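**Student:** Questions regarding the structure given below will be posed in turn.
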Amino acid sequence: MCSKPLEEVSRIPVCGACLRAPAPLDAEFFCVSCRTPFQNRFPLDDEGRCALCRAGFRGFNAAHSFGFYDGVLRQLIHLYKYRKVRTLADPLGEMLLQALPRSEPFDCITPVPLHWRRL
Ligand SMILES: [Zn+2]
Ligand SMILES: [Zn+2]
C-alpha cells in the first residue's frame, strides 16, 4: 500500500504502519439511528435522528462503522474484497469490533449489501 519493503514475516502483505493507519470516526454529532456523522447538530431532530431516518428510509435498527470509507481503510477493504487477501479479515474484524456498542444487545450483524444492479 505504501510501497515500502516489508520487514517482518507476516501472512498479511501490508506493513504495520498501514494496518494501524485507519482512524475511528471522529465526529461530535451522529444520527442515533444510522450513525451518520455531522459537523453540527442542525440536521438532527430533538431525538437525534437525521432527515433520512425521520422519513423512514431505512430497514434496520442501527448502523455502525469503524471509519470513513476512504484512504487507507478503503484500500484495506478493497484488498480484502477484490484482491482476496483473506488474512485481512482479523484486523478488519477488530476495527468493526471497536465500532460496535458494548451496551446494546443485537441479534444479527450484516454487511451493507451490494447495489441492486451489481447484485
Ligand atoms: Zn505500508
Ligand atoms: Zn439517520
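The values are calculated or read from the model by the stated rules, or taken from the named source; none is laboratory data. Quick caveat: nothing in here was measured; it's all calculated off a predicted structure. Note: ideal-geometry Cβ built from the backbone for every residue, glycine included; neighbour counts use all protein chains shown. Accessible surface areas use protein heavy atoms only, side chains included; no ligands, DNA or RNA. Shrake-Rupley method; radii C 1.70, N 1.55, O 1.52, S 1.80 Å.
**Student:** Within region 34-54, how many residues turn out to be within 23 Å of residue 100 (Cα to Cα), within 11 Å of ligand 2 (Cβ to nearest atom) and not hydrophobic (A, V, I, L, M, F, W, C)?
**Tutor:** The number of residues fulfilling the criteria is 7.
**Student:** Check every one of the helices (runs of 4 or more DSSP H) wholly within region 12-110 and list those with 3 or more residues that are open to solvent by less than 80 Å² (accessible area, probe 1.4 Å), within 16 Å of ligand 1 (Cβ to nearest atom) and closer than 18 Å to residue 2 by Cα. So that I can check it myself, show each step before the final result.
**Tutor:** Details: elements: 16-20, 51-54, 71-81, 89-99.
In region 12-110, 16-20, 71-81 are the helices (runs of 4 or more DSSP H) which contain 3 or more residues that are open to solvent by less than 80 Å² (accessible area, probe 1.4 Å), within 16 Å of ligand 1 (Cβ to nearest atom) and closer than 18 Å to residue 2 by Cα.
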